[in-house]
Amino acid sequence: MEKLELKYEGKAKKVYATDEKNYYWVAYKDDATAFNGEKKGQIADKGEVNNQLSALFFTEIEKAGIPTHFVRLLGQRDMLVRKLDMIPLEVVVRNIVAGSLSKRLGVEEGFILSQPVVELYYKDDALGDPMVNESHVAAMGWAKLEIAKEIQVMGLKVNEILRNILAKAGIDLIDFKLEFGIDNGKVILGDEISPDTCRYWDIKTREKLDKDRFRRDLGQVEEAYQEVFRRVKEVLAGQ
Ligand code: ADP
Ligand code: UDP
């Protein structure tokens, strides 16, 4: 597999063309941003953790019957993925109130939701990723209504899969963000699943083990990323 021209450089990853036209080479970076790019920094070895942890999660999700873009690892911080026609939405699933939901509803972080909540955000940095609903998605032509519904159902299924693995690792899955795309008319889970895109709290100590350590200057950022990776690897190796 050959890495060809850079197609896109985002905040956390670089996406390259390959010698196979339906596949992309994704290189995960150590760069970290928060608050819509206002806060910038680096998290040592984040690229390696996010790449390999995403690979583990995608493999489990795929086994559970949900198609993902992950093909195989290409190195410590690189993976091969199926090229998707991305739907410009972020699908956020929440089990426990934190972050923007806490602010929006005036509910304290840590409030346990009686059922998972799914939200859609339109992916647009200039607009600060506004929250939208499925009728906006269909009316704006970002995706058909059935697809907007399908990605929410898939988000909830992914929630069950991840929650189950993480619980065995002593971690509560608070919330997370997914991105989907289309390949040959089929909806596929893309992008990444990592401490950058999820909130993880230690079940016992309630310690944050995710990007909130960077966002909120809590220290021990690298250590938290490594800890989640170590625990998940251990759980999956023992299955
Ligand atoms: P951002 O664009 O938010 O800064 P990244 O740095 O993570 O994010 O860049 C990765 C980009 O690649 C994102 O725009 C994401 O939507 C896109 N992407 C993820 N998976 C695929 C895929 N399989 N095919 C095409 N694009 C993808
Ligand atoms: N999230 C993400 N990318 C975004 C926005 C949110 O990965 O552009 C993730 C975030 O890490 C958290 C979940 O989605 O796990 C919910 O985020 P929230 O809406 O609370 O926003 P935040 O507090 O991160 O601004």
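Just a few scattered comments:
- Scope the range 6-37; condition among the charged types (D, E, K, R) and within 14 Å of ligand 1 (Cβ to nearest atom); matching residues: Lys7, Glu9, Lys11, Lys13, Lys14, Glu20, Lys21, Lys29, Asp30, Asp31
- Options Gln152, Gln220: the member that is within 28 Å of Ala44 (Cβ to Cβ) and modelled with pLDDT of 95 or more: Gln220
- Taken over the range 57-99, the criterion of being closer than 28 Å to Gly128 by Cα, hydrophobic (A, V, I, L, M, F, W, C) and not in a strand (DSSP E or B) is satisfied by Phe57, Phe58, Leu84, Ile87, Val97, Ala98.
- Test: residue in the range 181-189 that is under 12 Å from Ala98 (Cβ atoms), assigned to a loop (DSSP other than H, G, I, E, B) and free of Cβ contacts under 8 Å to residues at least 12 places away in the same chain: no
- Hits in the range 86-99 - residues which are within 25 Å of Ile147 (Cα to Cα) and away from ligand 1 (no atom under 16 Å from the Cβ): Val93, Arg94, Asn95
- Test: residue in the range 119-133 that is within 16 Å of Glu90 (Cβ to Cβ), of a type in the set (Lys, Arg) and not in a helix (DSSP H, G or I): yes
- Evaluation of Arg163 against the conditions (1) of a type outside the set (Val, Ile, Thr); (2) more than 15 Å from ligand 1 (Cβ to nearest atom); (3) touching a residue at least 60 places away in the same chain (Cβ under 8 Å); (4) loosely packed, with under 14 Cβ neighbours inside 10 Å shows that the sole unmet condition is (4).
- Inter-residue pairs, beta-carbon under 6 Å, first among the small types (Gly, Ala, Ser) and in the range 21-42, second assigned to a strand (DSSP E or B) and surrounded by fewer than 16 Cβ atoms within 10 Å (Cβ to Cβ), 6+ apart: Ala32/Gly41
- Of all the listed residues (Gly106, Gly110, Gly75), the sole one being more than 16 Å from ligand 2 (Cβ to nearest atom) and either of a type in the set (Ser, Thr, Tyr) or surrounded by fewer than 15 Cβ atoms within 10 Å (Cβ to Cβ) (or both) is Gly75.
- The listed residue being part of a loop (DSSP other than H, G, I, E, B), farther than 20 Å from Val228 by Cα and at pLDDT 95 or above, out of Lys40, Lys21: Lys21
The values are calculated or read from the model by the stated rules, or taken from the named source; none is laboratory data. This structure is a prediction, so every number in the text was calculated from the model and none was measured. Cβ sites come from the backbone with ideal geometry, for glycine too, and all protein chains shown count toward neighbours.
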